[in-house]
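Enquirer: Okay, here's the structure, questions in a sec.
The values are calculated or read from the model by the stated rules, or taken from the named source; none is laboratory data. This structure is a prediction, so every number in the text was calculated from the model and none was measured. In this analysis, Cβ positions are derived from the backbone assuming ideal geometry, glycine residues included, and neighbour counts consider all displayed protein chains.
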Amino acid sequence: MSTDALTALHARYPDAIRVGAGCDLPVDLQVELDDDAILILGDRVTIRRGTTIQVHRGATVIIGNDVAIGENTFISAMIGIRIGDGAALSNMVDLHDHNHRDPTDADLTGDRLVPWASGFGGAPIIIEPGAMISKKVTVTAGVRIGQNSTVGAGSTVTRSLQPNSVAAGAPATVHRRFDGVLRGRPSSPSITFAWYGTSIMQHYEGFNTRMITQADLPDVGSHVQVERWVNRGYVHRLHTTWQTRWPHLNLHLRNHGEGGATSRDILQIVREHIAEHTNPETTVTMLGCGINDVWRQFQGRQGEAVDLDEYSDNYQQILNLLTASSRQVICIGETPLGYDDTIDVTAANTTLQQYNAAAAQLAADNGIAFINVWDAFTTTGRLLADRTGISLYSDGVHLSEHGDALLHDLVDTHLSTDNTIGRLTTYPTLERTEARRRYAAWFADDRAAPTTRTS
């Protein structure tokens, strides 16, 4: 772009556009800025012919240093788009941080039938430093593409991608990962996993520092004092697995599992904890209950037992509370009882299957995923039955290390197949005005910076 053309652009948008040093811009670059819109280009930005940058009222587009943008690319923001340093967009890339809302009665604003009658919803698009977006890629609202990641040609990216990923397809999925050097600490959302269930989730173990300090292990036969109880088991294993798999994320674990809890008890626990421990923007909540409802019946502890009708009612109430306060709820079926000489285990498991079936149906009715673990446990347990010293159970009900490993794999496989992390790190699409308010802080510092003009 010539000095005269750049001067004309500044003259047209004197307080809305900032262009850094050494930029190479085409003479046919189309820039459209509405009131209170801001466009910021860093140093040495290269843009090829036929590209359009559209920034609607109140929105922000920030293009970092050394960014390369190919021909006929379209960038349109109603909320905000940030392209990090050294990122590259090939030809005919489309970035839209917004889309039409569903034309429902709640969203329509008038009787006139026009495409924009239902208004718009949006969420920021963030392309981190060093990302490579290939030809004819579409990136939709709320997506963050991690550092160094590559998106294959013709893809549609609808879910966030972690750093150092190679993704392709419509919708784009990750095909492989690599060990790239990350610059600085990636700014990614925190994700909180809240767990509600029984001792299967709680899995208390006694803890003493010397028991895990290899250089100071106590002598065999000596005594150590239990310092505290800690949550271990499959929930702890999952958290460590996920944190090491996604080291760029801040993962938080809140384990509200309680030994001996029935659905009646868990409903009360959820009521007490939900306001304090959930965040609708980041939380996935895991729910599993029913084993104690049944076990108490067969133990003759009828005052604590919960029949199927009450269990179903409790389960629905729990789902109502969790879905209102979490971005996602996942239900986990109960594991079968392994052995208990004091009860009829076969009859108890037959009843427990009925409770699992009720939970699965309630989850389906509420559009919630249900992880069925029963078949895997019965099959694996049968195959391990002849192996001396190996069991899925530590005491017939609670899980051994092998049981924890199996449950870990079943839940982990579900989250990986369902791309749960990708969806949790994809920002919620909100009504246009609400989205600008909710995400305003993401761009506030850049908008407040003084206007500079470089020719």
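One line per residue, one yes/no per condition, for (1) assigned to a strand (DSSP E or B); (2) of a type outside the set (Gly, Ala, Ser):
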| residue | (1), (2) |
| --- | --- |
| 72 | no, yes |
| 75 | yes, yes |
| 86 | no, no |
| 95 | yes, yes |
| 114 | no, yes |
| 126 | yes, yes |
| 136 | no, yes |
| 147 | no, yes |
| 163 | no, yes |
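Enquirer: Here is a follow-up. Is there any pair with a first residue in the stretch 18-29 that is under 10 Å from residue 42 (Cβ atoms) and touching a residue at least 40 places away in the same chain (Cβ under 8 Å) and a second that is hydrophobic (A, V, I, L, M, F, W, C) and part of a loop (DSSP other than H, G, I, E, B) whose Cβ atoms are under 8 Å apart and which are 6 or more apart or on different chains, and what are they?
Expert: Partner pairs satisfying both residue conditions: 18/449; 19/25; 19/45; 20/45; 23/1; 23/45.
Enquirer: Let me ask you something else. Quick test for you: out of 68, 77, pick the one residue that is buried (at least 22 other Cβ atoms within 10 Å of the Cβ) and closer than 20 Å to residue 128 by Cα.
Expert: Details: 68 fails: buried (at least 22 other Cβ atoms within 10 Å of the Cβ).
Checking each option against the conditions leaves just 77.
Enquirer: A follow-up question, please. I need the full set of residues from the stretch 326-375 which are buried (at least 17 other Cβ atoms within 10 Å of the Cβ), small (Gly, Ala, Ser), farther than 21 Å from residue 316 by Cβ and modelled with pLDDT of 95 or more, in order please.
Expert: 348
Enquirer: In this structure, is residue 268 free of Cβ contacts under 8 Å to residues at least 40 places away in the same chain and either over 24 Å from the mean Cα position of the chain (by Cα) or not assigned by TED's automatic domain parsing to the domain that holds residue 252 (or both)?
Expert: Numbers: free of Cβ contacts under 8 Å to residues at least 40 places away in the same chain: yes; either over 24 Å from the mean Cα position of the chain (by Cα) or not assigned by TED's automatic domain parsing to the domain that holds residue 252 (or both): yes.
Criteria met by residue 268.
Enquirer: Now for a different question. Being over 24 Å from residue 342 (Cβ atoms) and among the acidic types (Asp, Glu) is the filter here, so list the residues in the stretch 387-403 that pass it.
Expert: The one that is over 24 Å from residue 342 (Cβ atoms) and among the acidic types (Asp, Glu): 401.
Enquirer: Look through the stretch 228-248, keep the residues that are at pLDDT below 90 and touching a strand residue (DSSP E or B) at 6+ places or on another chain (Cβ under 7 Å), and return whichever of them is surrounded by the most Cβ atoms within 10 Å (Cβ to Cβ).
Expert: 231
Enquirer: Among the residues of the stretch 210-217, are any over 19 Å from residue 322 (Cα atoms) and crowded, with 18+ Cβ neighbours inside 10 Å?
Expert: No; the residues of the stretch 210-217 include none that is over 19 Å from residue 322 (Cα atoms) and crowded, with 18+ Cβ neighbours inside 10 Å.
Enquirer: Here's something else I'd like to know. Here are 167, 194: which of them is of a type in the set (A, V, I, L, M, F, W, C), assigned by TED's automatic domain parsing to the domain that holds residue 141 and under 19 Å from the mean Cα position of the chain (by Cα)? Outline the logic, then answer.
Expert: Working: 194 fails: assigned by TED's automatic domain parsing to the domain that holds residue 141.
Going through 167, 194 in turn, just one is of a type in the set (A, V, I, L, M, F, W, C), assigned by TED's automatic domain parsing to the domain that holds residue 141 and under 19 Å from the mean Cα position of the chain (by Cα): 167.
Enquirer: If you check residue 263 against the conditions, is it surrounded by 17 or more Cβ atoms within 10 Å (Cβ to Cβ) and hydroxyl-bearing (Ser, Thr, Tyr)? Before the answer, list the steps.
Expert: On the way: surrounded by 17 or more Cβ atoms within 10 Å (Cβ to Cβ): yes; hydroxyl-bearing (Ser, Thr, Tyr): yes.
Answer is yes for this residue.
Enquirer: Considering only residues that are over 30 Å from residue 426 (Cα atoms) and either part of a strand (DSSP E or B) or in contact with an Asp or Glu (Cβ under 6 Å, 6 or more places away or on another chain) (or both), which ones fall in the stretch 188-233? Spell out how you get there, then give the answer.
Expert: First, pick out the residues of the stretch 188-233 that are over 30 Å from residue 426 (Cα atoms): 198-200, 203-230.
Within the stretch 188-233, 204, 205, 206, 207, 208, 210, 228, 229, 230 qualify.
Enquirer: Could you please find all residues in the stretch 308-336 being among the polar types (S, T, N, Q), in a loop (DSSP other than H, G, I, E, B) and within 16 Å of residue 360 (Cβ to Cβ)?
Expert: 335
Enquirer: Of all the residues that make up the stretch 254-273, how many are modelled with pLDDT under 95 and among the basic types (Lys, Arg)?
Expert: 2
Enquirer: Can you tell me which of (1) under 19 Å from the mean Cα position of the chain (by Cα); (2) part of a loop (DSSP other than H, G, I, E, B) is the one residue 173 doesn't meet?
Expert: (2)
Residue-by-condition table, conditions (1) assigned to a helix (DSSP H, G or I); (2) free of Cβ contacts under 8 Å to residues at least 24 places away in the same chain; (3) closer than 30 Å to residue 308 by Cα; (4) not β-branched (Val, Ile, Thr):
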{"residue": "375", "(1), (2), (3), (4)": "yes, yes, yes, yes"}
{"residue": "378", "(1), (2), (3), (4)": "yes, no, yes, no"}
{"residue": "410", "(1), (2), (3), (4)": "yes, no, yes, yes"}
{"residue": "437", "(1), (2), (3), (4)": "yes, yes, no, yes"}
{"residue": "444", "(1), (2), (3), (4)": "yes, yes, no, yes"}
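Enquirer: What about residue 43, is it more than 22 Å from residue 425 (Cβ to Cβ), in contact with a Gly (Cβ under 8 Å, 6 or more places away or on another chain) and modelled with pLDDT of 95 or more? Before the answer, list the steps.
Expert: Working: more than 22 Å from residue 425 (Cβ to Cβ): yes; in contact with a Gly (Cβ under 8 Å, 6 or more places away or on another chain): yes; modelled with pLDDT of 95 or more: yes.
Yes; evaluated as a whole, the condition is true for this residue.
Enquirer: What about residue 154, is it in a loop (DSSP other than H, G, I, E, B) and either in contact (Cβ under 8 Å) with a residue 24 or more places away in the chain or over 23 Å from residue 419 (Cα atoms) (or both)?
Expert: On the way: in a loop (DSSP other than H, G, I, E, B): yes; either in contact (Cβ under 8 Å) with a residue 24 or more places away in the chain or over 23 Å from residue 419 (Cα atoms) (or both): no.
Criteria not met by residue 154.
Enquirer: I'd like the full set of residues that are touching a residue at least 40 places away in the same chain (Cβ under 8 Å) and small (Gly, Ala, Ser), limited to the stretch 38-57.
Expert: 42
Enquirer: Exactly one condition in (1) at pLDDT below 95; (2) touching an Asp or Glu at 6+ places or on another chain (Cβ under 9 Å) is false for residue 306; which is it?
Expert: In the conditions (1) at pLDDT below 95; (2) touching an Asp or Glu at 6+ places or on another chain (Cβ under 9 Å), residue 306 misses (1) alone.
Enquirer: Can you tell me which condition residue 286 does not meet? The list is (1) surrounded by 18 or more Cβ atoms within 10 Å (Cβ to Cβ); (2) assigned to a helix (DSSP H, G or I), and all the others hold.
Expert: (2)
Enquirer: Oh, and also: Tell me which of these residue 254 doesn't satisfy, since it passes every other one: (1) in a helix (DSSP H, G or I); (2) closer than 23 Å to residue 274 by Cα.
Expert: (1)
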